[in-house]
Each structure stands twice: as structure tokens, then as C-alpha cells.
Amino acid sequence: MGVRQVTTLDCILVVNSGSSSLKLSLFAISTAQCLLSGAVDWPGHSGGGILRLEGQSLSGRLSKTDISDHGAALEFALSALLEQSQVDSGSTVAVRAIGHRVVHGGTLLQESLLIDERVQTEIGRLSSLAPLHNPAALAAIVAAKTQLPEASHVAVFDTSYFSRLPPPSFLYPLPYEWYTEWGIRRYGFHGISHSYCAQRTAALLSRPLQDLRLVICHLGHGCSGTAVHGGEPVATTMGFTPTDGMMMGTRSGSLDPGILPFVQQQHSVPANSLQDTLNLRSGLLGISGISSDLRQLESAAHQGDERAKLAIEMFADRVRASIGSLAVAMGGVDALVLTAGIGENSSTMRAAICERLNCLGLHLDSDRNASRSADCDIATAQSPSRILVIKTREDLMIARETARVLKFPFLFE
Ligand code: ADP
């Protein structure tokens, strides 16, 4: 009787830890294939929550637990993920490396890198600039290092992509010392997604990235636009914090700065409440009074709700205005890219945004827009510039960066 050989599959685990969720994706190093992904939704930080695990093979699995921190959430998700991937692949899965998504790297952490004590301390220090994001990433790093001590841990930052923005683009017209002494500058966010979309666009258009002028709009709960010229980002809408730029689900985006001292002084709104209002009660939710979720607003607008219609119109207006400003920063645009939840899924929002973009050489084909599948061109055949819908793959990009830092062979389309 022959002995069954059990092979080992070397993998990279991607950990994306948010304030109320933890997402994991497991990639085989030899093939760059995503074997399995899962998400733990984690509403609230205190007490015993209900953890829900989802994923390609795990969909629908529910578990009620007393788990109340990121460490326990990671342990729970990781063991289920590894167990399932072992069943699926028939091999023993060995996690060689973990790629952690970290939103803010500040000015010191400008590249993806191995996480040592210094890096960990700096990620923690930057929590004051990204209070919703960096603490969650740090908690996941600490937990993952405890649970997978033999593996290499790499941080991949959303801000890295924008570390090469030119000074006129990253500086605010404030006293210069605010930048030199307090670090007040545009950092930019969603860099992992923008950088993926830039590379994917070049591949889809079969043109070198260096030759292209791109405007990439990442439209999810958070929304940002980036101008990419000669392969580098040259302007972006998110700034010192992820509240800047476009109108978003619950964030205001750019405002008249005079509004803030006015409501503080005249209406006694305290600073922390102001911060909550700008981040959690503004944007689509603030204007509609219904929801931050575009799907719900589209349905309410369809039933005649005037404030839902207004919120949708304002959102499209502001995205369009950002596209104009980003395109002009490059002297024109060869391709507009729409990505993330809204960009990938809402054909009506795409149509509303593209209205009046003909002046930039962007002509939307309404049939293609209505019937599009992932990663395709929805401009008319005659359109001088292209309009692409791309499914963003931040997990793949993080796995790729992790492999690059560790010099693992990892193929990438
Ligand atoms: P996150 O920033 O949390 O990753 P997503 O990229 O998932 O967010 O985008 C969330 C947004 O995408 C929500 O406003 C949601 O309503 C919108 N969205 C997702 N699917 C659709 C759809 N089919 N039609 C319209 N909007 C959609």
C-alpha cells in the first residue's frame, strides 16, 4: 500500500484590519492565486460580540462568541481559514509571511517594510493622525506576531504611494512652519488601490504606464481621486486626513475652513463632536438623512425622495469637479478609471458622473455602461479618451508588496 504524500503549500496571508472588521486573504506564493478569503465583522469594541465569518468556501458560517479583541478575532478567523484551505487544497498550508495593511505611514514609513519594534512604535504614534485605522492595524500586528511568530510580518501603507507627490501638490497654503514643525501636509490615502488600478489600466490598454495620464476615482465608503502622470501620482484629493476631498458616505470632504470655527464659536460645538460630525454624520448620510449606502439612496430616490436625489446629485457633482481638477493638473486625461463599491457597481452613478465630461474627451457609451462586466472599457468607440471600470484588488497588491519586500517569487499579471 502506497503512503500518501502530504505536500506543503507556502502562503502569504493578507490582513486588513479596520475598526469594525478584520479581512483575511490567503495567497499561494507559487501561483499568486488567492486560495481563500474571509471577513470577521465586528460591530463595537467592547464586550462579547457576534463574529461572522464569510468567504468563498466559508460563506454563511456563523459563530457567537465572547471574543472582544483583535487578537481573538484573528485567531478565530485564521484557524477557520487554514482548516478550510487545507481541505480545499489537500496540502498543509504554511503561512510564511503576513502582509498587513496600514493606512498611515506618515513621513518616516514611506515604503512597504518588515515590521520591527521601530516600525511598530511609529505605526502606533501615527494613530493620532488616523484614529479610526492605525490602532486597529496595530492590534492585528501584535496579535498576528503572537500567533504566527515564525512568519515574516510586512507593513504595506496606503500613504506610501503618495510619498513622491511634488511639494506644490502636498503642501497646504498655511504657514510653512505648520508643515516643517507639525507635519501638516497632504498624505493621500487609498494608495494601494490607486497603484493597483494604475498598473491594471496600463495592462488593459496595452500601453506603458509611463505614457499615460490617468484620473483614478476610488468610490467606496471613502472616496478619493488621483492623477497619475508618467507612472507617478501627481495630485490626489485626500489630504492630511481621509476626510479631505470628495463627498463620501459619511465624510464631508473639502469644506470652507471658516465653517469650523464658526460652529465652534457661535454654536458651541466642541472639537470632538465636530470631528464626529465631519467623519460620521456628513456626506451622503448627512444630506439625505437616510443612509450612507448608495444602494439605499438610489432606491429612495427612485421612490421620489427629494433629499436622496439631492445627495446623489451633489455626490456626482463633486466627483466630476475633482476629475476636472485632476485632469487639468496633467494637461488632459487619457483614461478615467472608476473603482470600488460605487465605481464598480452603480451604472447610474457612473452615468451621472460622466455627464458633461465630453469636454475632457471622455464619452460614455450608455449600453456598455449598463451591461459592463468587471475590468472593461465603457467609453464609446470614438471617444478620444477611455473610461474604464476596474475591480480594485488591494489584497492582491498587499500580497505582491509583501513578496517583493521578502524577495519571494510571486507572479503578478
Ligand atoms: P469600503 O470603502 O468600505 O471598502 P466599498 O468599496 O465596499 O466600501 O463601497 C461601498 C459603497 O458601494 C456603498 O455606498 C454601497 O452602497 C456602494 N455599492 C455597492 N454595491 C452597489 C450597487 N450594486 N449599486 C450601488 N452602489 C453600490
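Flag: Phe170 matches the condition of being in contact with a Lys or Arg (Cβ under 7 Å, 6 or more places away or on another chain) and touching a residue at least 12 places away in the same chain (Cβ under 8 Å). When the test is whether a residue is in contact (Cβ under 8 Å) with a residue 24 or more places away in the chain, more than 26 Å from Gly361 (Cα to Cα) and of a type outside the set (S, T, N, Q), Gly225 does not pass it. Given the structure, is Arg356 more than 22 Å from the chain's Cα centre (by Cα), basic (Lys, Arg) and in a loop (DSSP other than H, G, I, E, B)? Yes, satisfied. Residue count for region 293-309, restricted to those that are within 16 Å of the ligand (Cβ to nearest atom) and not in a helix (DSSP H, G or I): 3. Of the candidates Met349, Met330, the single residue that is open to solvent by less than 40 Å² (accessible area, probe 1.4 Å) and within 16 Å of the ligand (Cβ to nearest atom) is Met349. Here Leu278 clears all of (1) over 24 Å from Leu357 (Cβ atoms); (2) within 16 Å of the ligand (Cβ to nearest atom); (3) under 25 Å from the mean Cα position of the chain (by Cα); (4) open to solvent by less than 50 Å² (accessible area, probe 1.4 Å) except the condition numbered (2). Scanning region 359-394 for residues that are open to solvent by less than 40 Å² (accessible area, probe 1.4 Å) and acidic (Asp, Glu) yields Asp365, Asp375, Glu394. Here Thr226 meets the list (1) at pLDDT 95 or above; (2) open to solvent by less than 20 Å² (accessible area, probe 1.4 Å); (3) within 15 Å of the ligand (Cβ to nearest atom); (4) out of contact with any Lys or Arg (no Cβ under 6 Å at 6 or more places or on another chain) almost entirely, failing just condition (3).
Restricting attention to region 238-256, the residues that are among the acidic types (Asp, Glu) and open to solvent by less than 40 Å² (accessible area, probe 1.4 Å) add up to 1. The sole residue among Ile259, Ile290, Ile312 that is free of Cβ contacts under 8 Å to residues at least 24 places away in the same chain, within 16 Å of the ligand (Cβ to nearest atom) and open to solvent by 30 Å² or more (accessible area, probe 1.4 Å) is Ile290.
Contact annotation: no residue pair with Cβ atoms under 8 Å, 6 or more positions apart or on different chains, pairs a residue in region 109-124 that is more than 18 Å from Ala97 (Cβ to Cβ) with a partner that is loosely packed, with under 13 Cβ neighbours inside 10 Å and modelled with pLDDT of 95 or more.
Here Val333 meets each of (1) farther than 30 Å from Ala202 by Cα; (2) among the aliphatic types (A, V, I, L, M); (3) in a loop (DSSP other than H, G, I, E, B) with one exception, condition (1). Evaluated against (1) touching a strand residue (DSSP E or B) at 6+ places or on another chain (Cβ under 7 Å); (2) more than 27 Å from Asn272 (Cβ to Cβ), Phe189 falls short on exactly one condition, (2).
Residues checked against (1) assigned to a helix (DSSP H, G or I); (2) modelled with pLDDT of 95 or more; (3) surrounded by fewer than 16 Cβ atoms within 10 Å (Cβ to Cβ):
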| site | (1), (2), (3) |
| --- | --- |
| Ser57 | no, no, yes |
| Ala77 | yes, no, no |
| Leu82 | yes, no, no |
| Asp88 | yes, no, yes |
| Val119 | yes, yes, no |
| Pro131 | no, no, yes |
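Can you tell me which residues in region 237-264 are closer than 21 Å to Leu132 by Cα and β-branched (Val, Ile, Thr)? Of everything in region 237-264, those that are closer than 21 Å to Leu132 by Cα and β-branched (Val, Ile, Thr) turn out to be Thr237, Thr241, Thr243, Thr250.
When restricted to residues that are surrounded by 20 or more Cβ atoms within 10 Å (Cβ to Cβ) and either without any contact (Cβ under 8 Å) to a residue 40 or more places away in the chain or within 16 Å of the ligand (Cβ to nearest atom) (or both), region 203-220 contains 4. Ser325 meets the conditions (1) of a type in the set (Gly, Ala, Ser); (2) open to solvent by 20 Å² or more (accessible area, probe 1.4 Å); (3) within 13 Å of the ligand (Cβ to nearest atom) in every case but one. The failed one is (3).
The values are calculated or read from the model by the stated rules, or taken from the named source; none is laboratory data. Quick caveat: nothing in here was measured; it's all calculated off a predicted structure. Methodologically, a virtual Cβ is constructed for each residue, glycine included, from the backbone with ideal geometry; neighbour enumeration extends over all protein chains shown. The accessibility values were calculated without ligands, DNA or RNA, using every heavy atom of the protein model including side chains. Shrake-Rupley method; radii C 1.70, N 1.55, O 1.52, S 1.80 Å.
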